[in-house]
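Working notes, beginning with the structure itself.
The values are calculated or read from the model by the stated rules, or taken from the named source; none is laboratory data. Model, not experiment: these values are computed from the prediction. No Cβ is skipped: glycine too gets one built from the backbone with ideal geometry, and neighbour counts run over all protein chains shown. Accessible surface areas use protein heavy atoms only, side chains included; no ligands, DNA or RNA. Shrake-Rupley method; radii C 1.70, N 1.55, O 1.52, S 1.80 Å.
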Amino acid sequence: MTDSAAPAPGAADDPGGIRDTAPRPAWLRALIAVGHRWPSLLALAWAVYSLSDVGDGLEYMILFILPAAGYLFLAVADRPRITWAVVLALLAAVVVLRALDIDPWPPLASVVIALAALGLVNGRLRRPRVFALQAPGALAFMAAGLLVLSVPPAAGGYLVAAGLVGHAMWDGFHWRANKIVARTFAEWCGMVDLVLGLGLLVVLITR
(Lines give C-alpha, C1' and ligand atoms only; values in the text may rest on other atoms or scores of the structure.)
Protein backbone atom coordinates (compact mmCIF):
# COMPACT_ATOMS: atom_id res chain seq x y z
CA MET A 1 0.00 0.00 0.00
CA THR A 2 1.41 3.40 -1.01
CA ASP A 3 1.62 6.04 1.71
CA SER A 4 0.11 9.14 0.03
CA ALA A 5 1.22 11.26 2.97
CA ALA A 6 4.89 10.42 2.59
CA PRO A 7 7.06 13.36 3.56
CA ALA A 8 8.75 15.36 0.86
CA PRO A 9 12.45 14.77 0.31
CA GLY A 10 14.48 16.49 2.96
CA ALA A 11 11.49 16.95 5.27
CA ALA A 12 13.02 14.60 7.80
CA ASP A 13 16.04 16.89 7.94
CA ASP A 14 13.90 20.00 8.26
CA PRO A 15 10.71 19.12 10.17
CA GLY A 16 9.51 22.68 10.33
CA GLY A 17 9.82 23.16 6.58
CA ILE A 18 12.33 25.96 7.06
CA ARG A 19 16.04 25.32 6.72
CA ASP A 20 18.25 27.03 9.26
CA THR A 21 20.62 29.52 7.68
CA ALA A 22 24.12 29.39 9.11
CA PRO A 23 24.90 32.68 10.90
CA ARG A 24 27.50 34.90 9.32
CA PRO A 25 30.90 34.91 10.99
CA ALA A 26 31.57 37.83 13.32
CA TRP A 27 34.36 39.17 11.11
CA LEU A 28 32.02 39.25 8.10
CA ARG A 29 29.30 41.07 10.05
CA ALA A 30 31.88 43.60 11.22
CA LEU A 31 33.17 44.08 7.67
CA ILE A 32 29.64 44.65 6.35
CA ALA A 33 28.91 47.15 9.14
CA VAL A 34 32.11 49.06 8.35
CA GLY A 35 31.29 48.99 4.64
CA HIS A 36 27.96 50.68 5.32
CA ARG A 37 29.86 53.58 6.86
CA TRP A 38 32.08 54.23 3.83
CA PRO A 39 31.09 57.92 3.59
CA SER A 40 32.31 58.53 7.15
CA LEU A 41 35.52 56.57 6.61
CA LEU A 42 36.37 58.43 3.40
CA ALA A 43 35.56 61.76 5.03
CA LEU A 44 37.67 60.96 8.09
CA ALA A 45 40.66 59.96 5.97
CA TRP A 46 40.46 63.12 3.84
CA ALA A 47 39.94 65.43 6.82
CA VAL A 48 42.88 64.00 8.77
CA TYR A 49 45.12 64.30 5.70
CA SER A 50 44.00 67.90 5.14
CA LEU A 51 44.64 68.85 8.77
CA SER A 52 48.20 67.53 8.55
CA ASP A 53 49.10 70.59 6.46
CA VAL A 54 46.55 73.19 7.57
CA GLY A 55 47.45 76.89 7.57
CA ASP A 56 45.40 79.54 9.33
CA GLY A 57 42.15 77.74 8.53
CA LEU A 58 40.93 80.34 6.05
CA GLU A 59 41.55 77.85 3.23
CA TYR A 60 38.44 76.02 4.46
CA MET A 61 36.20 79.00 3.77
CA ILE A 62 35.23 77.40 0.46
CA LEU A 63 33.29 74.86 2.55
CA PHE A 64 30.90 77.64 3.56
CA ILE A 65 29.82 78.53 0.04
CA LEU A 66 30.31 75.29 -1.91
CA PRO A 67 27.79 73.18 0.05
CA ALA A 68 25.40 76.13 0.14
CA ALA A 69 25.30 76.15 -3.67
CA GLY A 70 24.93 72.36 -3.78
CA TYR A 71 22.14 72.15 -1.21
CA LEU A 72 20.21 74.96 -2.88
CA PHE A 73 20.55 73.48 -6.36
CA LEU A 74 19.32 70.08 -5.17
CA ALA A 75 16.44 71.66 -3.25
CA VAL A 76 15.33 73.61 -6.32
CA ALA A 77 15.77 70.59 -8.59
CA ASP A 78 14.26 68.25 -5.95
CA ARG A 79 16.45 65.39 -7.21
CA PRO A 80 18.42 63.88 -4.30
CA ARG A 81 19.59 61.01 -6.52
CA ILE A 82 21.86 63.34 -8.51
CA THR A 83 23.60 64.62 -5.36
CA TRP A 84 27.03 63.18 -6.07
CA ALA A 85 26.97 64.32 -9.71
CA VAL A 86 26.23 67.87 -8.53
CA VAL A 87 29.00 67.68 -5.93
CA LEU A 88 31.55 66.53 -8.49
CA ALA A 89 30.44 69.26 -10.92
CA LEU A 90 30.87 71.95 -8.25
CA LEU A 91 34.29 70.63 -7.25
CA ALA A 92 35.35 70.59 -10.89
CA ALA A 93 34.14 74.18 -11.27
CA VAL A 94 36.24 75.27 -8.27
CA VAL A 95 39.31 73.53 -9.70
CA VAL A 96 38.83 75.22 -13.09
CA LEU A 97 38.26 78.66 -11.54
CA ARG A 98 41.38 78.37 -9.43
CA ALA A 99 43.38 77.16 -12.44
CA LEU A 100 42.27 80.35 -14.19
CA ASP A 101 43.36 82.33 -11.12
CA ILE A 102 39.75 83.32 -10.36
CA ASP A 103 38.52 83.43 -6.77
CA PRO A 104 35.62 80.93 -6.71
CA TRP A 105 33.78 82.80 -3.96
CA PRO A 106 32.13 85.55 -6.09
CA PRO A 107 30.83 83.16 -8.80
CA LEU A 108 29.53 80.69 -6.22
CA ALA A 109 27.94 83.48 -4.17
CA SER A 110 26.17 84.65 -7.32
CA VAL A 111 24.92 81.09 -7.89
CA VAL A 112 23.61 80.90 -4.32
CA ILE A 113 21.71 84.19 -4.66
CA ALA A 114 20.29 83.21 -8.07
CA LEU A 115 19.18 79.77 -6.84
CA ALA A 116 17.58 81.24 -3.72
CA ALA A 117 15.63 83.72 -5.84
CA LEU A 118 14.61 81.04 -8.35
CA GLY A 119 13.49 78.64 -5.64
CA LEU A 120 11.42 81.28 -3.91
CA VAL A 121 9.79 82.36 -7.18
CA ASN A 122 8.90 78.87 -8.41
CA GLY A 123 7.77 77.80 -4.95
CA ARG A 124 10.25 74.95 -4.39
CA LEU A 125 11.85 76.77 -1.46
CA ARG A 126 8.52 77.93 -0.05
CA ARG A 127 7.42 74.42 0.80
CA PRO A 128 7.25 73.68 4.55
CA ARG A 129 9.86 72.17 6.86
CA VAL A 130 13.28 71.34 5.42
CA PHE A 131 12.70 73.05 2.05
CA ALA A 132 11.76 76.35 3.66
CA LEU A 133 15.08 76.36 5.56
CA GLN A 134 17.30 76.07 2.50
CA ALA A 135 17.46 79.71 1.36
CA PRO A 136 17.95 81.17 4.87
CA GLY A 137 20.51 78.48 5.70
CA ALA A 138 22.54 79.02 2.52
CA LEU A 139 22.52 82.79 2.94
CA ALA A 140 23.49 82.47 6.61
CA PHE A 141 26.56 80.37 5.79
CA MET A 142 27.49 82.75 3.00
CA ALA A 143 27.20 85.67 5.43
CA ALA A 144 29.38 83.77 7.91
CA GLY A 145 32.04 83.49 5.24
CA LEU A 146 31.91 87.21 4.59
CA LEU A 147 32.21 87.83 8.34
CA VAL A 148 35.41 85.77 8.39
CA LEU A 149 36.87 88.08 5.74
CA SER A 150 36.09 91.15 7.83
CA VAL A 151 38.11 90.14 10.91
CA PRO A 152 41.85 89.55 11.42
CA PRO A 153 43.07 86.12 10.20
CA ALA A 154 43.84 85.01 13.76
CA ALA A 155 40.19 85.45 14.73
CA GLY A 156 38.97 84.31 11.34
CA GLY A 157 40.39 80.83 11.87
CA TYR A 158 38.27 80.36 14.99
CA LEU A 159 35.19 81.57 13.13
CA VAL A 160 35.89 79.07 10.35
CA ALA A 161 36.19 76.26 12.91
CA ALA A 162 32.87 77.28 14.49
CA GLY A 163 31.22 77.53 11.08
CA LEU A 164 32.40 74.05 10.10
CA VAL A 165 31.00 72.55 13.29
CA GLY A 166 27.76 74.43 12.65
CA HIS A 167 27.60 73.05 9.13
CA ALA A 168 28.17 69.54 10.49
CA MET A 169 24.97 70.02 12.49
CA TRP A 170 23.23 71.20 9.31
CA ASP A 171 24.39 68.03 7.55
CA GLY A 172 23.19 65.92 10.46
CA PHE A 173 19.76 67.55 10.25
CA HIS A 174 19.53 66.61 6.56
CA TRP A 175 20.80 63.09 7.22
CA ARG A 176 18.01 62.60 9.74
CA ALA A 177 15.37 64.18 7.49
CA ASN A 178 16.62 62.15 4.49
CA LYS A 179 15.56 64.92 2.12
CA ILE A 180 17.20 67.38 -0.30
CA VAL A 181 20.51 65.49 -0.58
CA ALA A 182 21.47 61.82 -0.66
CA ARG A 183 21.99 60.43 2.82
CA THR A 184 25.48 59.23 1.91
CA PHE A 185 26.48 62.78 1.06
CA ALA A 186 24.97 64.22 4.26
CA GLU A 187 27.00 61.65 6.21
CA TRP A 188 30.20 62.35 4.27
CA CYS A 189 29.88 66.13 4.44
CA GLY A 190 28.92 66.07 8.11
CA MET A 191 31.97 64.01 9.04
CA VAL A 192 34.28 66.24 6.96
CA ASP A 193 32.91 69.39 8.57
CA LEU A 194 33.01 68.01 12.11
CA VAL A 195 36.55 66.62 11.94
CA LEU A 196 37.92 69.69 10.16
CA GLY A 197 36.16 72.07 12.55
CA LEU A 198 37.27 70.36 15.74
CA GLY A 199 40.71 69.58 14.33
CA LEU A 200 41.25 73.17 13.24
CA LEU A 201 40.22 74.39 16.68
CA VAL A 202 42.79 72.10 18.31
CA VAL A 203 45.50 73.24 15.90
CA LEU A 204 44.79 76.93 16.51
CA ILE A 205 44.73 76.53 20.30
CA THR A 206 47.95 74.50 20.47
CA ARG A 207 50.04 76.69 18.15
(request) State, to one decimal in nm, how far the label point of residue 149 lies from the label point of residue 59, with both points 7 Å from Cα in the Cβ direction. (result) 2.0
(request) Using a cut-off of 14 Å between beta-carbons, work out the net charge of the residues near residue 57 (Lys and Arg +1, Asp and Glu -1, residue 57 not included). (result) -3
(request) Specify whether the C-alpha gyration tensor of segment 84-127 places it in the rounded, prolate or oblate class, a ≥ b ≥ c being the square roots of the eigenvalues: rounded for a/c under 1.5, otherwise prolate if a/b is larger than b/c and oblate if not. (result) oblate
(request) Run the accessible area of segment 57-207 with a 1.4 Å probe and give the carbon-and-sulfur part as a rounded percent. (result) 73
(request) Would you kindly state how much longer the chain becomes between residue 102 and residue 140 on full extension, computed as 0.36 nm times their sequence separation minus their alpha carbon distance, in nm to one decimal? (result) 11.3 nm
(message) Suppose we look only past 24 Å in the calculated P(r) of segment 62-207. What percent of the Cα-Cα pairs does that tail hold?
(response) 30
(request) Could you tell me which of rounded, prolate or oblate describes segment 142-207, using a ≥ b ≥ c as the square roots of the eigenvalues of the alpha-carbon gyration tensor, with rounded for a/c under 1.5 and, failing that, prolate when a/b is larger than b/c and oblate otherwise? (result) oblate
